[in-house]
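The values are calculated or read from the model by the stated rules, or taken from the named source; none is laboratory data. Here the structure is a predicted model, which is why all the values come from computation and not from measurement. Note: ideal-geometry Cβ built from the backbone for every residue, glycine included; neighbour counts use all protein chains shown.
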Amino acid sequence: NPMEGRITDLGPRYYGDFLPPVIKENKGKWLYHEILEPGVLVHVSETGAKVYTVRCGSARLLTVNRVRLYCDIADKCCGGYLRFTTRNNVEFMVDSEDKLAALKAELASHKDVLPIGGTGACVTNIVHTQGWVHCHTPATDASGPVKAVMDDLFEYFGSMTLPAQVRIALACCLNMCGAVHASDIAILGIHRKPPMIDNDRISGVCEIPLAIASCPLGAVKPAKATNSAGEEVKSVKVNAERCMFCGNCYTMCPAMPLADPEGDGIAILVGGKVSNSKSAPKFSKLVVPFLPNTTPRWPETVACVRQILEAYAKDAKKYERLGEWAERIGWEKFFEKTGLPFTEKSIDDYRLAYDTWRTTTQFKY
Ligand code: SF4
Ligand code: SF4
């Protein structure tokens, strides 16, 4: 046990302590797995042991009451074990068909909060970032638009009727701690205005050299400015043409906020995917440059994601991912079939980068 000899109780416990016994006993011996029905998997070991998994939709931010409910179900049906997937689904595992039947009956009595699905050619849970709840540089919310989009696409969570899996992700700024660059459909928060400089606070709350050094495009320079009391203060100026609205300067200097109700919104990118044993990774491409932050239900974003998904579902071949479909039919046809307008904002034109470096599709404003 790697935890032997530990002299403090800091940090998490050894992960092996949390594995269900059947998984621990069959480590390295799993032969294959199958999806028995939407949301239900079986893994088979060379010893003959089986693990049945029921996957349920969950949320990234959970109440204590909801966690308690999950734990009660795990205690009752699964020997006290459960796991969360990287897409924030919760999985309950058992080692026999009898226990599986009991588990499914238990989950059926909580189907309003524990929908079964998220496997195979479906839209599984949307991964997302922090949003307005937690981070300091978001251009859109995370849980809000994700909830609205997933409510609309719920029929695709518990079924496996799409040509292939469709991974949707949201990152609330283009620093992308949500990895939207490798998703079939990416919902990306974008700022469209440079930071606003608060000359009343800047010399008190910021280290100006740090704010200057933080800008990847060299757009921040030192400057003298006058505060609201008419005093001259050490400040900065921003070359607005160079700025790509990334928010790095605000991370270093809270007197340079760039959140703005009119400037902020959502861009949609499609066609990304991570690599697998057969194909290289693909990056998502920008197809919708801007949609407004229409709270609380983001109707424009919801409609746009459905429009793309339905065109793909209707036209793609079996097992073809969204980006593979777009490349096979050609991007011109992608815009035709989805009904999305094509604009110059979807074109990279690095050759014209004389005055501004804002020439890639993500920074066209
Ligand atoms: Fe913060 Fe950007 Fe990550 Fe959103 S995507 S949580 S704004 S770093
Ligand atoms: Fe530079 Fe980004 Fe700040 Fe613009 S938002 S000034 S590009 S650090």
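Odds and ends about this structure:
- Taken over region 22-65, the criterion of being among the small types (Gly, Ala, Ser) and either closer than 17 Å to Thr124 by Cβ or touching a residue at least 24 places away in the same chain (Cβ under 8 Å) (or both) is satisfied by Gly39, Ala49, Gly57, Ser58, Ala59.
- Considering only residues in region 224-240 that are outside any loop (DSSP other than H, G, I, E, B) and within 13 Å of ligand 2 (Cβ to nearest atom), the one that is surrounded by the most Cβ atoms within 10 Å (Cβ to Cβ) turns out to be Val236.
- Any hit, region 188-205, residues being farther than 21 Å from Lys273 by Cα, in contact with a Phe, Trp or Tyr (Cβ under 9 Å, 6 or more places away or on another chain) and among the basic types (Lys, Arg): yes
- Applying the criterion of being surrounded by 11 or more Cβ atoms within 10 Å (Cβ to Cβ) and aromatic (Phe, Trp, Tyr) to the residues of region 8-31, the residue that is farthest from the chain's Cα centre (by Cα) is Trp30.
Results for (1) in contact with a strand residue (DSSP E or B) (Cβ under 8 Å, 6 or more places away or on another chain); (2) away from ligand 1 (no atom under 16 Å from the Cβ); (3) closer than 29 Å to Thr295 by Cβ, shown as yes or no for each residue.
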| residue | (1), (2), (3) |
| --- | --- |
| Asn65 | no, yes, yes |
| Arg87 | yes, yes, yes |
| Ser96 | yes, yes, no |
| Leu107 | yes, yes, no |
| Asp112 | no, yes, yes |
| Val146 | yes, no, yes |
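- Strands (runs of 3 or more DSSP E) (entirely within region 6-83) containing at least 3 residues that are out of contact with any Phe, Trp or Tyr (no Cβ under 9 Å at 6 or more places or on another chain): 30-37
- Taken together, Lys224, Lys147 contain a single residue that is more than 24 Å from Gln307 (Cα to Cα) and of a type in the set (Lys, Arg), which is Lys224.
- Hits in region 256-300 - residues which are of a type in the set (A, V, I, L, M), closer than 27 Å to Thr338 by Cα and within 15 Å of ligand 1 (Cβ to nearest atom): Ile266, Ala267, Leu269
- Residue match in region 155-175 (condition: away from ligand 1 (no atom under 16 Å from the Cβ), touching a residue at least 24 places away in the same chain (Cβ under 8 Å) and of a type in the set (Asp, Glu)): no
- Subset of region 176-206 that is within 27 Å of Asn89 (Cα to Cα), assigned to a loop (DSSP other than H, G, I, E, B) and of a type in the set (A, V, I, L, M) - its residue that is nearest to ligand 1 (Cβ to nearest atom): Met176
- Screening Val127 on (1) more than 9 Å from ligand 1 (Cβ to nearest atom); (2) β-branched (Val, Ile, Thr); (3) modelled with pLDDT of 95 or more shows it passes everything except condition (3).
- Count of region 199-216 residues which are closer than 21 Å to Glu241 by Cβ and surrounded by fewer than 16 Cβ atoms within 10 Å (Cβ to Cβ): 2
- Some residue of region 265-274 being within 24 Å of Glu155 (Cα to Cα), modelled with pLDDT of 90 or more, of a type in the set (D, E, K, R) and touching a helix residue (DSSP H, G or I) at 6+ places or on another chain (Cβ under 8 Å): yes
- Residue satisfying all of: in region 241-255; surrounded by 19 or more Cβ atoms within 10 Å (Cβ to Cβ) and part of a loop (DSSP other than H, G, I, E, B); nearest to ligand 1 (Cβ to nearest atom) among these: Gly247
- Matching residues in region 117-154 - criterion: being within 28 Å of Leu36 (Cα to Cα) and surrounded by fewer than 21 Cβ atoms within 10 Å (Cβ to Cβ): Gly120, Ala121, Lys147, Asp151, Asp152, Leu153, Phe154
- Among residues of region 198-217 that are touching a residue at least 60 places away in the same chain (Cβ under 8 Å), those with a Cβ under 7 angstrom from a residue that is of a type outside the set (Asp, Glu), sequence gap 6+ or separate chain, pair up as Leu217/Arg242; Leu217/Cys243; Leu217/Met244; Leu217/Trp357.
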